[in-house]
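Remarks on the structure that follows.
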Amino acid sequence: MNDKEIVLSGIRATGNLHLGNYYGALSKFVKMQDDYDCLYFIADLHALTTTPDPNILHENVKNILAEYLAAGVDPDKATIFVQSDVPEISEMYLLLNMHVGIGELMRTTSFKDKARKQLGIKNGSDDEDIEKQIIGTDSNKRVNAGLLTYPTLMAVDILIQKAHKVPVGKDQEQHLELTRRFARRFNSFYGVDLFPEPQNFNFGDHAVKVPGLDGSGKMGKSEGNCIYLIDEEKVLRKKVMRAVTDEGPKEPNQPISEPVQNLLTLMELTSAPEIVQQYRDAYADCSIRYGDLKKQLAEDILKVTTPIRERYNDIRNDDAFIGRVVRQGAERARERASKTLAEVREIMGIRKFY
């Protein structure tokens, strides 16, 4: 019997993975797979909240699967699956929604932020104004119900596998707290001890925030400031050389500006410590040359991404291998999910007469 703690994590199928995904999630997936019972999935149902093109969605799922494998996630050690390949998730999503309040969903920060974006509402609008616009909006410009119930679906992803640990970033911590609340509520309402309350997996260190190349904020697909794991060498070098910096230090030991600190943070992830220190010292004594820094950074990033890109290209073209991985993953994920769903149906009184 497997007595390892269950760890679950997923990435939305919204495009290729970048350095932020690698250092924030993928590299840790690889570390965890030997010590925990790990399930890693591609969240194609979650991606539907932004109504992607169906053909693009399918390709995104395949790309991310190949990137998981290329980064070192081993299908013989971890369960790798596509969210929609586990239909039990969709049924339990409906059942759990019967115990979730509309108000608590509308109060989530991510829903309000995404609703603002979809409706074109400026930041700073109060919650009451947002709610009025959501209710009063016409059919051509709407916030879909899937976006509102996103936390329920995320909770089901976790609870249906009875996961103990879930690695999430700061922007998902509120959703994980809701998952714990929903688990407590279900257990208390029916007088059962079915769901464990999942905790954030922090790896014993601070969460990694990988900055983008635009001088501020974190690396993200929607911000257009990414280095993708499968960027060709020429493309990657060009991106790094175009990264935002500043005019250069004007006096010794002045504070490092945010754009330059971002590049040094990327260096701390990819370069040797003595190289990072060399450029920090050069900034401090006003001798830094940003062209040299960027060339060094590009070189060190390529040492990380080139092996991944090469493996990705081999895996992406091997449909038979990808097919075996997802079939095996779906079978494993469904085995536990089907047991949990059967328990939920029985507890809620949904029983067959035959």
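The values are calculated or read from the model by the stated rules, or taken from the named source; none is laboratory data. Every value quoted in this text rests on a predicted model; they were computed, and no experiment measured them. Ideal geometry is used to build each Cβ from the backbone, glycine not excepted, and the neighbour counts take in all protein chains shown. Side chains are part of the model used for accessible areas, which takes the heavy atoms of the whole protein and leaves out ligands, DNA and RNA. Shrake-Rupley method; radii C 1.70, N 1.55, O 1.52, S 1.80 Å.
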>> So residue 129 passes all but one of these: (1) out of contact with any Phe, Trp or Tyr (no Cβ under 9 Å at 6 or more places or on another chain); (2) farther than 19 Å from residue 332 by Cα; (3) at pLDDT 95 or above. Which condition number does it fail?
In response: (3)
> Can you name the condition, by its number, that residue 194 falls short on among (1) within 17 Å of the chain's Cα centre (by Cα); (2) in a loop (DSSP other than H, G, I, E, B); (3) of a type outside the set (D, E, K, R)?
Replying inline: (1)
> If you scan region 244-261, which residues turn out to be open to solvent by 50 Å² or more (accessible area, probe 1.4 Å) and either out of contact with any strand residue (DSSP E or B) (no Cβ under 9 Å at 6 or more places or on another chain) or assigned to a loop (DSSP other than H, G, I, E, B) (or both)?
Replying inline: 244, 247, 250, 251, 252, 253, 255, 256
> Of everything in region 331-354 that's surrounded by fewer than 17 Cβ atoms within 10 Å (Cβ to Cβ) and of a type in the set (Ser, Thr, Tyr), which residue is modelled with the lowest pLDDT?
Replying inline: 354
> For residue 10, which of the numbered conditions (1) closer than 25 Å to residue 212 by Cα; (2) part of a helix (DSSP H, G or I); (3) open to solvent by 30 Å² or more (accessible area, probe 1.4 Å); (4) of a type in the set (Gly, Ala, Ser) fails to hold?
Replying inline: (2)
> Which of the residues spanning region 156-176 are open to solvent by less than 70 Å² (accessible area, probe 1.4 Å), in a helix (DSSP H, G or I) and out of contact with any Pro (no Cβ under 9 Å at 6 or more places or on another chain)?
Replying inline: 156, 157, 172
>> Name the single residue that is least open to solvent (accessible area, probe 1.4 Å) among those in region 282-301 being in contact (Cβ under 8 Å) with a residue 12 or more places away in the chain, at negative phi and not in a helix (DSSP H, G or I).
In response: 288
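Yes or no, residue by residue, for (1) in contact with a Gly (Cβ under 8 Å, 6 or more places away or on another chain); (2) of a type in the set (S, T, N, Q); (3) outside any helix (DSSP H, G or I); (4) open to solvent by less than 50 Å² (accessible area, probe 1.4 Å):
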residue: 225; (1), (2), (3), (4): yes, yes, yes, yes
residue: 280; (1), (2), (3), (4): no, no, no, no
residue: 303; (1), (2), (3), (4): no, no, no, no
residue: 306; (1), (2), (3), (4): no, yes, no, yes
residue: 315; (1), (2), (3), (4): no, no, no, yes
residue: 329; (1), (2), (3), (4): no, no, no, yes
>> Against the condition touching a helix residue (DSSP H, G or I) at 6+ places or on another chain (Cβ under 6 Å) and open to solvent by 10 Å² or more (accessible area, probe 1.4 Å), how does residue 71 come out, does it pass?
In response: yes
